[in-house]
Amino acid sequence: MKAAVLTAFAEPLALQDVPRPTPGPDDVLLQVLACGVCHSDLHVTDGDQPALKAATKPSLIPGHEVVGRVVECGANVTDLKVGDRVGVAWNHSTCGQCEPCLQGLENLCRRAVITGVMVDGGYAEYMVARASHALPIPDALSAEEAAPLFCAGLTVYRAMKRAQVRAGQRVAVFGIGGLGHLAVQMVKAWGATAIALDVDADKLALARELGATETYTANSSDELKALRKAGNADVAIVTSAAKPAYDTALRALRPGGTVAVVGLPSEPLSFSALALVGLEANIVAASVGTREDMRAVLDMAAQGQLRCLTETQPLEEVNAVFERMRRGHIQGRVVLRCCAAH
């Protein structure tokens, strides 16, 4: 089968013909219909995050925003059948027995196996998935619409949940990219006021189209003063990977407000203790999400409350997509079409 393979860190992925994988007794074999390109895939490929680099298996096939059709089931699989259309997220499998799993925090499982890091992912014509963690895709969603929801949509949903966003609140979204444009829609769907901040005028225009009622240029002192005059925000969801976005987010909070950490700057975050105490501010973080969270995201999308802006490219263009991602030239999410035959 055709696959994009990581043979060396910080090098282009190699397009290779590799053996089609065989599912184990608890697995399904998927014909990959679509796979979203996530910034985490770029971190894995570049080897610039030590923890990810250490966990990455040799000759890895990346990709963890996968939609595929079941073409073979392992001997123990009873909940899925050949022909089912399912999605696969960051967690290939979780143990169900460790303390986080027993507390309903399977996204923090101590023995989790990570798709596209520890096992091969979806940058290929076929992949193996653990049947228990492959979730059915609603008929209302195409493969290309659904794929990015398995990381971008899931992570934003988890951040909203962790920040306890409620109807009537003012919620500021920092960075209107692949995650941020979904966050704006979720804020609106939850009955809160969506406020968008970015340095790109086109992205702010997109945010308005998607339901943001206020937009501000994030690096303009005058516009940040206007945000303060408008009442600041109860919650700031930072999807940007720029450290200054976090500095600004704290200053944009109302007393008792919450900053949700989603974007991952390369340098450590730092907050003034005095500023935190003065606001009684809360800092929360979100790590992808659980299967329960994922089902909720798919349901929102199937009901028309959530639409990911996507661009489809063939698998062969993955390295060009990575280069555009490095340059910040992608709006929304790129989805790779991996199998010619559907």
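The values are calculated or read from the model by the stated rules, or taken from the named source; none is laboratory data. Just so you know, these numbers come straight off a predicted model, no measurement behind them. Backbone-built Cβ (ideal geometry, glycine too); neighbour counts: all protein chains shown. To get the accessible areas, we keep the full protein, side chains included, count just its heavy atoms, and leave off ligands, DNA and RNA. Shrake-Rupley method; radii C 1.70, N 1.55, O 1.52, S 1.80 Å.
Tabulated data
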read-out	value
Condition met for L298 (within 30 Å of K2 (Cα to Cα) and open to solvent by less than 10 Å² (accessible area, probe 1.4 Å))	yes
Residue in segment 195-209 that is open to solvent by 40 Å² or more (accessible area, probe 1.4 Å), among the small types (G, A, S) and more than 29 Å from L33 (Cβ to Cβ) present	yes
Out of T56, T78, sole residue that is of a type outside the set (A, V, I, L, M), at pLDDT 95 or above and open to solvent by 80 Å² or more (accessible area, probe 1.4 Å)	T78
Test: residue in segment 50-60 that is in a loop (DSSP other than H, G, I, E, B) and among the hydrophobic types (A, V, I, L, M, F, W, C)	no
Count - residues of segment 94-126 that are without any contact (Cβ under 8 Å) to a residue 60 or more places away in the chain and either open to solvent by 50 Å² or more (accessible area, probe 1.4 Å) or under 30 Å from E316 (Cβ atoms) (or both)	9
Test result for R166, basic (K, R), surrounded by 18 or more Cβ atoms within 10 Å (Cβ to Cβ) and either in contact with a Ser or Thr (Cβ under 7 Å, 6 or more places away or on another chain) or not in a strand (DSSP E or B) (or both)	no
Top-ranked residue of segment 2-47 - restricted to ones that are of a type in the set (D, E) and within 21 Å of the chain's Cα centre (by Cα), ranked as farthest from I114 (Cα to Cα)	D46
The listed residue being within 24 Å of V18 (Cβ to Cβ) and of a type in the set (S, T, N, Q), out of S93, S132	S93
Answer residue from segment 133-163, given it is over 16 Å from R307 (Cβ atoms) and in a helix (DSSP H, G or I) and is most open to solvent (accessible area, probe 1.4 Å) among those	R162
Search result, residues across segment 254-294 that are polar (S, T, N, Q), loosely packed, with under 12 Cβ neighbours inside 10 Å and within 25 Å of S40 (Cα to Cα)	S266, S270
Entirely in segment 186-278, the helices (runs of 4 or more DSSP H) that have 1 or more residues that are in contact (Cβ under 8 Å) with a residue 60 or more places away in the chain and either within 21 Å of the chain's Cα centre (by Cα) or closer than 25 Å to V288 by Cα (or both)	201-209, 243-251
